[in-house]
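Questions regarding the structure given below will be posed in turn.
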Amino acid sequence: MSTVSSSQASSTGSRAGSSAGTASAGAQQRADRGVAVDIRGVSKVFGSGAEEVVALKDVDLSVAAGEFVCLLGASGCGKSTLLNLVAGLDKPTSGTVDTHGKRIAFMFQEATLFPWLTLAQNVDLALRLNNVPKAERKPRVEELLTKVRLGGRGHRRPHELSGGMRQRGALARVLAQDADIVLMDEPFAALDAMTRDAMHDEIESLWSELGLTVMFVTHNVREAARLSDRTVLMESGPGRVKQVYPVNLPRPRHLDDPHLTEQAAHMTDELKTEVARHVR
Amino acid sequence: MSADVTERPTTTPPVGKEPGARSAATPSRGKEVFDAVWPKVAAVVIVLIIWQVLYSSGWKPDYRFASPADTFERLWFVATGNGPFNFWMGVQNTVMRGVQGFLLSLVIGTALGIAVSQWKPLRNAIGAMITGLQTMPSIVWFPFAILIFGLDSAAIYFVILMGAIPSIANGIISGIDDVPPAYLRAGHMLGARGWRRYRYVVIPAALPSYVAGLSQGWAFAWRGLLAGEIIVSIPEVPALGTQLNQAATNGQSSNLLALMIVILVLGMLASFVFSSLANTIRARRGLTGFTASR
């Protein structure tokens, strides 16, 4: 399932003409291993005076094109803030975030499918805002919904879907953006374990099929070990990078792989001391 | 894959209606209609009984307080094109004034609301005033309107606008203010910037509040209109308010009550249109079922 040829991705990747230079050559891009996201000396301060909160302090991180990076940490360590800075939803107080003009898609914890549109219309809107011509949109919507196994359900409204289906719909919308970089902010945190497990399989296969660069925020160690090439452990107060773990396990991975469990256990110990410090 | 364990298999999408969409416990269509209709019928019957009892008690002479029978007979009489005045012309003129005034208010109120919600200085300048204007009873505007425009339709339109515009503007302002940030962020990441942000995210998200504003705007417009027609009588333009006034002056209670029933029914029709619109929007967004109202 993860070995769908990249030709399919490029032939169907109906991207707007303007930026065709970096277009759909995802798999190739991954081979090139350029830098997709460059975070240098980034600090973020909210509020001022007595109310001042330093959310991030001197964060340096670079993510290679095609890399799957998980940001792992306890609540309040600034991992979501960092993701927002990469997305351009917020500006750093100091330092720079360079995404080299690449296209960025964002998958939120809540599916944020627009409730006034059907599932298909939600995906169609992403295509429309990506300037995909009208004639190409309809078949593309159905194709994307089929890809996330929601084929034939396009007429449903978001509130008529289960939590897992909504997140898969949000995933289809992300794919419709044909982005190079996909940012995910705990997208599966609200899902049950089995649905989440299935979503991991899907994300992994889509990531490798499309050659995406993924930054994935989670507080779940096993999720990080399951998905990432590298896991960035963040500490809080102020938020900064504590340690970076390479996760060199073969793919496709399985949660019950003992090597994965071992890796997760190792990271858990670190996280526990971090959480203890934070709670105390 | 394991997903098929947790959710229904999607490899063979169900065709047509989903099974179990309507459970066996759902009451039949006939019962639904009956449940909806009987309280209304009962309410009307009770009102008619009280009316008849009051009339039969000889509380007021006929020309001041007509019986239900006389009123409905009169209503039938004028509605079939008889009577001293042109009933249907009156309905048409009144409704047209209302619709025109409302549409004009809709355009101005929407533009004003968007401008205020987007431009801080304008909000600081007139934001509070718009809310304040909403509390002004529309009849308060009439002396002013008559001074400015004379006893003319323009005075009526003016009062309609002053009543409806603040409600419509306020509806869209609060709708825009309350757009969930999550949708704005999602829209931003989808590339909805500039005017497309409004077209595809802000306006649809603000729609329920906007429709509530429209509904309230119509109510104010309708009240202002009828008040205006009673005060600003233009003899050559038959209108419901004008005829109402004439009926009272001429001591034609059955005429008066018949016209009031017509005005009530027209108002109910309009509010039915708005509430259907609001209910459709709510249902589409899944805002039904387990809600605060019963």
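The values are calculated or read from the model by the stated rules, or taken from the named source; none is laboratory data. Note that this is a predicted model, so its numbers are computed, not measured. Because the Cβ atoms are built from the backbone with ideal geometry, glycine has one as well, and the counts that use them run over all protein chains shown. Quick note on the areas: whole protein, heavy atoms, side chains included, nothing else; ligands and nucleic acids left out. Shrake-Rupley method; radii C 1.70, N 1.55, O 1.52, S 1.80 Å.
Does region A:143-159 contain at least one residue that is among the acidic types (Asp, Glu) and within 11 Å of chain B (Cβ to nearest Cβ)? It would help to see each step written out before you state the result.
If we filter region A:143-159 for residues that are among the acidic types (Asp, Glu), which is where we start, we get A:143.
The next check asks that each one be within 11 Å of chain B (Cβ to nearest Cβ); those that pass are none.
No, every residue in region A:143-159 fails to be among the acidic types (Asp, Glu) and within 11 Å of chain B (Cβ to nearest Cβ).
Quick check on this structure: which one of A:133, A:115 is more than 10 Å from chain B (Cβ to nearest Cβ), at negative phi and open to solvent by 10 Å² or more (accessible area, probe 1.4 Å)? Break it down stepwise before answering.
On the way: A:115 fails: more than 10 Å from chain B (Cβ to nearest Cβ).
Among A:133, A:115, only A:133 is more than 10 Å from chain B (Cβ to nearest Cβ), at negative phi and open to solvent by 10 Å² or more (accessible area, probe 1.4 Å).
If you don't mind, there's one more thing I want to ask. Among (1) outside any helix (DSSP H, G or I); (2) within 14 Å of another protein chain (Cβ to nearest Cβ); (3) open to solvent by less than 20 Å² (accessible area, probe 1.4 Å); (4) more than 21 Å from residue A:169 (Cα to Cα), which single condition is residue A:55 missing?
(2)
May I pose another question? Kindly indicate whether residue A:122 is in a loop (DSSP other than H, G, I, E, B), within 11 Å of chain B (Cβ to nearest Cβ) and of a type in the set (S, T, N, Q).
On the way: in a loop (DSSP other than H, G, I, E, B): no; within 11 Å of chain B (Cβ to nearest Cβ): yes; of a type in the set (S, T, N, Q): yes.
No: the conditions fail for residue A:122.
Continuing with this model, one more query. Taking helices (runs of 4 or more DSSP H) that fall entirely within region B:103-183, which contain at least 3 residues that are open to solvent by less than 30 Å² (accessible area, probe 1.4 Å) and not charged (D, E, K, R)?
B:153-177
Here is a further query. Sort out for me the helices (runs of 4 or more DSSP H) sitting completely within region B:1-86 that have 2 or more residues that are at pLDDT 75 or above. First the steps, then the outcome.
Working: elements: B:3-6, B:29-56, B:68-79.
Here the list reads B:29-56, B:68-79.
Any idea how many residues of region B:186-208 are surrounded by fewer than 22 Cβ atoms within 10 Å (Cβ to Cβ) and touching a His at 6+ places or on another chain (Cβ under 9 Å)?
1
Report yes if residue A:274 is open to solvent by 10 Å² or more (accessible area, probe 1.4 Å), farther than 23 Å from residue B:185 by Cβ and outside the structural domain of residue A:132 (by TED's automatic domain parsing), otherwise no.
On the way: open to solvent by 10 Å² or more (accessible area, probe 1.4 Å): no; farther than 23 Å from residue B:185 by Cβ: yes; outside the structural domain of residue A:132 (by TED's automatic domain parsing): yes.
Judged against the criteria, residue A:274 is not a match.
Then there's this: Search region A:227-241 for residues being assigned to a loop (DSSP other than H, G, I, E, B) and over 19 Å from the mean Cα position of the chain (by Cα), and hand back the single one that is nearest to residue A:272 (Cα to Cα).
Step one: filter region A:227-241 for residues assigned to a loop (DSSP other than H, G, I, E, B), giving A:228-229, A:236-238.
Cutting the leftovers down to over 19 Å from the mean Cα position of the chain (by Cα) gives us A:236-238.
On the way: A:236: 12, A:237: 15, A:238: 17 Å.
Here the residue is A:236.
Right, next: Within region B:206-227, track down each residue that is farther than 29 Å from residue B:259 by Cβ and among the aromatic types (Phe, Trp, Tyr).
B:210
Still on this structure, I have one more. Criterion first (touching a helix residue (DSSP H, G or I) at 6+ places or on another chain (Cβ under 6 Å) and part of a strand (DSSP E or B)) does residue A:244 satisfy it?
Details: touching a helix residue (DSSP H, G or I) at 6+ places or on another chain (Cβ under 6 Å): no; part of a strand (DSSP E or B): yes.
No.
Working only within region A:98-120, note down all residues that are among the polar types (S, T, N, Q) and over 16 Å from residue B:197 (Cα atoms). Quick ask: steps written out before the conclusion?
Taking region A:98-120 first, the residues among the polar types (S, T, N, Q) are A:99, A:109, A:112, A:118.
Once the filter is applied, which keeps residues that are among the polar types (S, T, N, Q) and over 16 Å from residue B:197 (Cα atoms), region A:98-120 yields A:99, A:109, A:118.
Which condition from (1) over 30 Å from residue B:235 (Cα atoms); (2) open to solvent by 60 Å² or more (accessible area, probe 1.4 Å) is the one that residue B:64 breaks?
Only one criterion in (1) over 30 Å from residue B:235 (Cα atoms); (2) open to solvent by 60 Å² or more (accessible area, probe 1.4 Å) is unmet by residue B:64, namely (1).
Also: On the basis of being modelled with pLDDT of 90 or more, over 18 Å from residue B:274 (Cβ atoms) and touching a Phe, Trp or Tyr at 6+ places or on another chain (Cβ under 6 Å), does residue B:253 make the cut? Explain how you work it out, then say what you get.
On the way: modelled with pLDDT of 90 or more: yes; over 18 Å from residue B:274 (Cβ atoms): yes; touching a Phe, Trp or Tyr at 6+ places or on another chain (Cβ under 6 Å): yes.
It is true that residue B:253 is modelled with pLDDT of 90 or more, over 18 Å from residue B:274 (Cβ atoms) and touching a Phe, Trp or Tyr at 6+ places or on another chain (Cβ under 6 Å).
If you scan region A:68-112, which residues turn out to be part of a strand (DSSP E or B) and open to solvent by 20 Å² or more (accessible area, probe 1.4 Å)? Reasoning before the result, please.
Just the residues of region A:68-112 that are part of a strand (DSSP E or B), to begin with: A:68-72, A:94-98, A:104-107.
If the condition is that a residue be part of a strand (DSSP E or B) and open to solvent by 20 Å² or more (accessible area, probe 1.4 Å), then A:94, A:95, A:96, A:97, A:98, A:104 are the ones that fit.
Between a first residue in region A:82-108 that is more than 14 Å from chain B (Cβ to nearest Cβ) and a second residue that is in a helix (DSSP H, G or I) and surrounded by 20 or more Cβ atoms within 10 Å (Cβ to Cβ), which pairs have beta carbons less than 6 Å apart while being 6 or more apart in sequence or on different chains?
A:92/A:85; A:97/A:85; A:97/A:86
A follow-up question, please. What are the residue pairs meeting all of these: first residue in region B:132-150, first residue closer than 25 Å to residue B:170 by Cα, second residue at pLDDT 90 or above and among the β-branched types (Val, Ile, Thr), Cβ atoms under 7 Å, and 6 or more apart or on different chains?
Between residues of region B:132-150 that are closer than 25 Å to residue B:170 by Cα and residues that are at pLDDT 90 or above and among the β-branched types (Val, Ile, Thr), the close pairs are B:138/B:159; B:141/B:159; B:142/B:159; B:145/B:159.
Among (1) over 25 Å from residue B:104 (Cα atoms); (2) modelled with pLDDT under 90; (3) open to solvent by 60 Å² or more (accessible area, probe 1.4 Å), where does residue B:231 come up short?
Every listed condition holds for residue B:231 apart from (1).
Name the residue that is nearest to the other protein chains (Cβ to nearest Cβ), counting only residues in region A:165-211 that are open to solvent by less than 20 Å² (accessible area, probe 1.4 Å), farther than 15 Å from residue A:109 by Cβ and not in a helix (DSSP H, G or I).
A:177
Let me ask you something else. Taking residue B:192 as the residue in question, decide whether it is within 12 Å of chain A (Cβ to nearest Cβ), over 18 Å from the mean Cα position of the chain (by Cα), within 19 Å of residue B:285 (Cα to Cα) and modelled with pLDDT under 95. Let's see the steps before the verdict.
Values: within 12 Å of chain A (Cβ to nearest Cβ): yes; over 18 Å from the mean Cα position of the chain (by Cα): yes; within 19 Å of residue B:285 (Cα to Cα): no; modelled with pLDDT under 95: yes.
So residue B:192 does not fit the description; no.
Right, something else. Go through region B:86-102 and give me each residue that's buried (at least 17 other Cβ atoms within 10 Å of the Cβ) and within 22 Å of residue B:252 (Cβ to Cβ). Before the answer, list the steps.
Taking region B:86-102 first, the residues buried (at least 17 other Cβ atoms within 10 Å of the Cβ) are B:87, B:90-91, B:93-95, B:97-98, B:101-102.
If the condition is that a residue be buried (at least 17 other Cβ atoms within 10 Å of the Cβ) and within 22 Å of residue B:252 (Cβ to Cβ), then B:87, B:90, B:91, B:93, B:94 are the ones that fit.
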